[in-house]
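Worksheet: the structure to be examined is printed underneath.
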Amino acid sequence: MTTVLLVDDERLILRSLEKTLLRAGFDVITASDCKSGSEAFAKNVDAVNIAVLDLNMPSFDGSPKSDAGLDLLTNLKQQKASTPVIILTAYDEVNKAKEAVSGGASAFFVKGREQGLVELIQKILNI
């Protein structure tokens, strides 16, 4: 079974993406900010095959931050460098995409096309 760590602070988006991933046959672990995302990853580090992180969410101190997802990306890569990470954003920001990929993300995905996310995960994991 393939396990996805999904971190997004917008509850409706989190639920929608979780349902899409579950329907596609993935196990899903959800979190709503950097701190809970990092803790969930640490608890399930050997089970998580890929992480999908929102770009804009509360940072480790709980305050909103426009690129907190990049901080969490760095944190997850320190815990297990080999885990592929996709950064999610509501806006197509090319500079942030480049920053995410140079920071170790496997890909950058604009929210709103859930089936495309499933295909991207399958492509990255070769499944």
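Annotation note: chymotrypsin sites (Phe, Trp or Tyr not before Pro) in region 37-127 located in DSSP loop regions with a Cβ neighbour count of at most 12 within 10 Å are Y91.
The charge dipole of the chain, taken about its Cα centre with unit charges on the Cβ of Lys, Arg, Asp and Glu (plus for the first two, minus for the last two), comes to roughly 260 debye.
With the alpha-carbon atoms of the chain aligned to their principal axes, the span from lowest to highest coordinate is 33, 31, 28 Å, starting with the largest. Ranking G37, T2, G112 by how far each Cα lies toward the positive end of the dipole of the chain (charges on Cβ) leaves T2 at the top.
We did not get these values from a lab; they are worked out from the coordinates using the rules stated. A quick note: this is a predicted structure, and the numbers were derived from the prediction, not measured. FYI the Cβ positions are ideal-geometry reconstructions off the backbone, even for glycines, and counts take in every protein chain you see.
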